[in-house]
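Taking it in order: structure first as structure tokens, then the write-up.
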Amino acid sequence: MKKRTKIIIITVMVLLLGVTGFLNVMLNNSVSSQNDNTTTTSSYFQTYRSDRESTRDQEMLYYDAIIANESSTEEAIKNAESAKLALVEQMEQELVIEGLIKSKGFEDCVVTMSDSNVNAVVKAAQLTDSQVAQIVSVIQSQFSIGIENIKIIPVE
């Protein structure tokens, strides 16, 4: 009788272990599928920032190489210094605008600028007219730029 009881107990425990493992896998898959969209969006912003930083680091190295090169002309050095300063100013402006947009209650955003355009990618499923107006106001408070040169892109 003792041997049979032990076999039944071991069988029940193995069965419970199997059920527990199955439920664990199912719960993990359920949580994972719910977080896939959030992870994709978060990774978009992280990847974009990382790529932007890498590109800018490379640009800075190019400018520094021109400035440090003994065979560079005065004009080339002056142009490289001006371009480097302009890039630093652009980086600061983008950072300020991103911070101001986030201060309006948006979870995340990235801003890119060119000479005549500003693009803001905002973490949101969709934007209301009021939210768009807030973002435009932030951008226009930092630049003298027309609304036709501002592009706002929601990303979920």
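The values are calculated or read from the model by the stated rules, or taken from the named source; none is laboratory data. These figures come from a predicted structure and were not determined experimentally. With ideal geometry, Cβ positions are generated from the backbone for all residues, glycine too; neighbour counts draw on all protein chains shown. Accessible surface is based on the protein model in full, side chains and every heavy atom, while ligands, DNA and RNA are left aside. Shrake-Rupley method; radii C 1.70, N 1.55, O 1.52, S 1.80 Å.
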Rounded to the nearest 10 Å², the 1.4 Å probe accessible area of residue 52 is 40
Work out from phi, with θ = phi - 60° and the Karplus expression 6.51 cos²θ - 1.76 cosθ + 1.60, the ³J(HN,Hα) of each residue of segment 80-87, listed in order in whole Hz, and give x for Gly and Pro.
5, 5, 5, 5, 5, 4, 4, 5
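If you count only protein heavy atoms with a 1.4 Å probe, what accessible area per residue comes out for segment 108-156, rounded to a whole Å²? Walk me through the numbers before you get to the answer.
Values: 2660 Å² over 49 residues.
Here the residues of segment 108-156 average 54 Å² of exposed surface.
Given the Cα-Cα distance of residue 55 and residue 147 and 0.36 nm per residue of separation, how much length would full extension add, in nm?
30.3 nm
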Show me the ranking of peptides 126-133, 61-68, 109-116 by mean Cβ neighbours inside 10 Å, starting with the highest.
109-116, 61-68, 126-133
A correct Kirkwood calculation over the Cα atoms of segment 77-149 returns a hydrodynamic radius in Å of 13.1
Stretchable slack from residue 132 to residue 11, in nm (0.36 nm times residue separation minus alpha-carbon distance)
37.3 nm
Length gained when the stretch residue 91-residue 43 is fully extended (0.36 nm per residue, less Cα-Cα span)
15.2 nm
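With the full set of protein chains in place, find how many percent of the accessible area of segment 84-132 is carbon and sulfur; take the probe as 1.4 Å.
Working: 1350 of 2690 Å².
After summing per-atom areas, the C and S share lands at 50 percent.
Need one number: convex hull volume per residue for segment 34-156, Cα atoms only, in Å³.
99
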